[in-house]
Amino acid sequence: MAPKSGNNSPDTLNVPQKREKHRHLEIVWTNVWIFTVLHTAAFAGFILVLNRTWRPWVFGVVYSYCSGLGVTAGAHRLWCHRAYKAKLPLRILLMVFNCIACQNDIYEWSRDHRVHHKFTETDADPHNVNRGFFFAHMGWLMHKKHPDVREKGKTVDCSDILQDPVVRFQKRFYIPLVLLLTFYLPTMIPVWVWGEKVWFAFLTTGILRYVITLHCTWLVNSAAHYWGNRPYNRFMDARENKHVAWWALGEGFHNYHHAFPYDYSTSEYGWKLNITTMFIDFMAKLGQAYDLKTVPNDVIEKTRQKTGDGTLTFQ
């Protein structure tokens, strides 16, 4: 907004604005260094694994899927959105899987995600897509949080998450759990089982696998807010992205998810491109998951007619 008074010069007025903008983009150089080292090591691991046998590939994929479920079925759908309930054995399993993912503890991950939903595409959104694709993808982890994220984030109640003793246990012992499950075990299991060299396993099934899973998760914040259609709400940037759904175990039905965040499936299409929904349904059959929340078909259709862009996810 232009100043109504001419008493201050333009230069004087612009200085605090420039300082404020610079403060919002302040880089956390420690995280930049960590990501640089991780990606360099992952690239080395990728070169090494190209001509190897099937064993590191299969182990890496299986371990990655476990870590992914710790985020999608665990931190995201269970603890953050309360889209279903889980008995203690399943909660412990998902907590272990979540440690493998190493994407912050369950409480912190859920807190940031609730803030993202409440203040989507504003300065209070931790990975606000309006600040660019790279920022939404991973840049937000290399910058200090915008002041609005901190201030408005305080208005989001997350006390229910810490009521779970499984979450409290993970939060207390997060660092040793991550060192054990994210890096030590995926390095040593290939060494113990088929005699792999330690350095090779560390760079491939350890670091390369970890970096790939990070990017699969980050695609939900970036690509699923950039490319795709909006069948349920054309007024938000969250989109249906089938490619992201494939890579992120079903989390790419993002327009639906932002329209109906409490649906345990994050989609109206059930198991289609949705491995996480398959997993939760299987756990429900075993009696470990229950009270699965869904959206009635008539509500979905009314929403589509009222605010959708006139498309369907699968056309």
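The values are calculated or read from the model by the stated rules, or taken from the named source; none is laboratory data. Predicted model, so just to flag it, every value in this text is computed and none were measured. Neighbour counts run over all protein chains shown; Cβ positions are idealised from the backbone, glycine included.
Against the conditions (1) in a loop (DSSP other than H, G, I, E, B); (2) at pLDDT 95 or above; (3) under 15 Å from the mean Cα position of the chain (by Cα), where does residue 135 fall short? Just the number, please. The number of the failed condition is (1). Of all residues in region 192-214, those satisfying the criterion of being under 18 Å from residue 100 (Cα atoms) and either free of Cβ contacts under 8 Å to residues at least 12 places away in the same chain or touching a Leu at 6+ places or on another chain (Cβ under 7 Å) (or both) are 203, 204, 207, 211.
Within region 290-307, the residues that satisfy the criterion of being in contact with a Lys or Arg (Cβ under 7 Å, 6 or more places away or on another chain) and within 15 Å of residue 78 (Cα to Cα) are 290, 291. Residues being within 19 Å of residue 142 (Cα to Cα) and either touching a residue at least 60 places away in the same chain (Cβ under 8 Å) or in contact with a helix residue (DSSP H, G or I) (Cβ under 9 Å, 6 or more places away or on another chain) (or both): count how many of those fall in region 38-64. The total comes to 4.
Checked against (1) under 15 Å from the mean Cα position of the chain (by Cα); (2) farther than 23 Å from residue 259 by Cα, residue 73 meets all criteria but (2).
Inside region 90-130, residues that are assigned to a helix (DSSP H, G or I) and of a type in the set (Asp, Glu) make up a count of 2.
Filtered by the rule that a residue be assigned to a loop (DSSP other than H, G, I, E, B) and either more than 25 Å from the chain's Cα centre (by Cα) or among the aliphatic types (A, V, I, L, M) (or both), region 281-314 gives 286, 287, 292, 295, 296, 309, 310, 311, 312. Tell me yes or no: at least one residue of region 231-246 is part of a helix (DSSP H, G or I), touching a Gly at 6+ places or on another chain (Cβ under 7 Å) and closer than 20 Å to residue 114 by Cα. Within region 231-246, none of the residues are part of a helix (DSSP H, G or I), touching a Gly at 6+ places or on another chain (Cβ under 7 Å) and closer than 20 Å to residue 114 by Cα. On the stretch given as region 10-43, residues that are modelled with pLDDT of 95 or more and either under 15 Å from residue 187 (Cβ atoms) or not in a helix (DSSP H, G or I) (or both) total 3. One residue stands out in region 49-89 among those that are outside any helix (DSSP H, G or I) and modelled with pLDDT of 95 or more: the one that is farthest from residue 109 (Cα to Cα), namely 87. On the stretch given as region 108-138, residues that are farther than 26 Å from residue 61 by Cα and not charged (D, E, K, R) total 15. A Cβ distance below 6 Å, combined with a sequence gap of six or more or placement on separate chains, defines the contacts here; from region 140-168, residues that are farther than 24 Å from residue 27 by Cβ and outside any helix (DSSP H, G or I) reach residues that are modelled with pLDDT of 95 or more and of a type in the set (A, V, I, L, M, F, W, C) in the pairs 156/115.
The set of residues in region 276-298 being within 21 Å of residue 219 (Cβ to Cβ) and either free of Cβ contacts under 8 Å to residues at least 40 places away in the same chain or surrounded by fewer than 18 Cβ atoms within 10 Å (Cβ to Cβ) (or both) consists of 277, 278. Of the residues making up region 179-219, those that are surrounded by fewer than 21 Cβ atoms within 10 Å (Cβ to Cβ) and in contact with a Lys or Arg (Cβ under 9 Å, 6 or more places away or on another chain) number 4.
Against the conditions (1) over 18 Å from the mean Cα position of the chain (by Cα); (2) outside any helix (DSSP H, G or I), residue 251 satisfies every one except (1).
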